[in-house]
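Note sheet for the following structure.
The values are calculated or read from the model by the stated rules, or taken from the named source; none is laboratory data. Computed from a predicted model, the values in this text were never measured in an experiment. Because the Cβ atoms are built from the backbone with ideal geometry, glycine has one as well, and the counts that use them run over all protein chains shown. Only protein heavy atoms, including side chains, enter the accessible area calculation; ligands, DNA and RNA are left aside. Shrake-Rupley method; radii C 1.70, N 1.55, O 1.52, S 1.80 Å.
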Amino acid sequence: HSGEAAEGEEMRVFATVITYSAPEKLATCLASLEGQWDGLHVQDNSPPAPNLLYTKGINIGLRKGLSAGAEYLLVCCDDVIVRSGMVAALADFLDSNRECAIAMPIQVAADGKVTCGGCTKAFPTGWHITEPLDHPMYVKPFESFWANGACFLLRAKAARECGLLDETMQFICSDSDYSFTL
């Protein structure tokens, strides 16, 4: 499944959503992303298609976004629900911080608990920051050791310079490894 910007329009954000046997989650994720992207690739690893796993599936979408000439590449897993304006806020942050290659939102579960507000140290010894959402550390953006692969926005220029995620890390660690590469 792919969507593209209208001919002649600049492509600011190309989104890649990876899914596996979760059509309801995918529909909710895509509905939350509505209007926040100019191009879209859904990588469906559900049977009977081969399961390419996370990293290879994401890289397929990133390549499509790079080929389309996008300025930014959004990565989301199918269980992510994006708040209105979140993608634009991340893009605005990257616009204002040219030395930054990747940005992630605070990730909050349905019960309101923070599941990832940043990441400390390097995986596998590191962990997700899970301070309550009203914690003062979240008042302004801060540097994190890596961007969690569930949802992040990547500067396409950085992907062109550094390459894509390491596909030998099929499912875990590729997000932290990639953050360090960037």
In the stretch 135-156, which residues are surrounded by 14 or more Cβ atoms within 10 Å (Cβ to Cβ) and either in a helix (DSSP H, G or I) or of a type outside the set (A, V, I, L, M, F, W, C) (or both)? 138, 141, 144, 148, 149, 155, 156
Give the residue that is most open to solvent (accessible area, probe 1.4 Å), with candidates limited to residues of the stretch 108-122 that are more than 17 Å from residue 174 (Cβ to Cβ) and in contact with a Gly (Cβ under 9 Å, 6 or more places away or on another chain). 108
Given the conditions (1) surrounded by fewer than 21 Cβ atoms within 10 Å (Cβ to Cβ); (2) hydrophobic (A, V, I, L, M, F, W, C); (3) touching a residue at least 40 places away in the same chain (Cβ under 8 Å); (4) over 30 Å from residue 120 (Cβ atoms), and given that residue 26 satisfies all but one, which numbered condition is not satisfied? (1)
Scan the stretch 123-133 and tell me whether some residue there is closer than 26 Å to residue 95 by Cβ and open to solvent by 100 Å² or more (accessible area, probe 1.4 Å). no
Could you tell me how many of the residues in the stretch 54-94 are over 14 Å from the mean Cα position of the chain (by Cα), open to solvent by 50 Å² or more (accessible area, probe 1.4 Å), within 25 Å of residue 108 (Cα to Cα) and not hydroxyl-bearing (Ser, Thr, Tyr)? 2
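Please go through the stretch 130-167 and give me each residue that is touching a Ser or Thr at 6+ places or on another chain (Cβ under 9 Å), free of Cβ contacts under 8 Å to residues at least 40 places away in the same chain and farther than 19 Å from residue 83 by Cβ, ordered by number.
Of the stretch 130-167, the ones touching a Ser or Thr at 6+ places or on another chain (Cβ under 9 Å) are 130, 144-150, 152, 162-167.
Next cut, free of Cβ contacts under 8 Å to residues at least 40 places away in the same chain only: 130, 145-146, 163.
Residues satisfying the conditions are 145, 146, 163.
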Six or more apart or on different chains, Cβ under 6 Å: which pairs go from a residue in the stretch 31-49 that's open to solvent by 70 Å² or more (accessible area, probe 1.4 Å) to one that's at pLDDT 95 or above? Could you list them? 44/19
Considering only residues that are open to solvent by less than 50 Å² (accessible area, probe 1.4 Å), in a loop (DSSP other than H, G, I, E, B) and not small (Gly, Ala, Ser), look in the stretch 157-181 and name the one that is farthest from residue 20 (Cα to Cα). 164
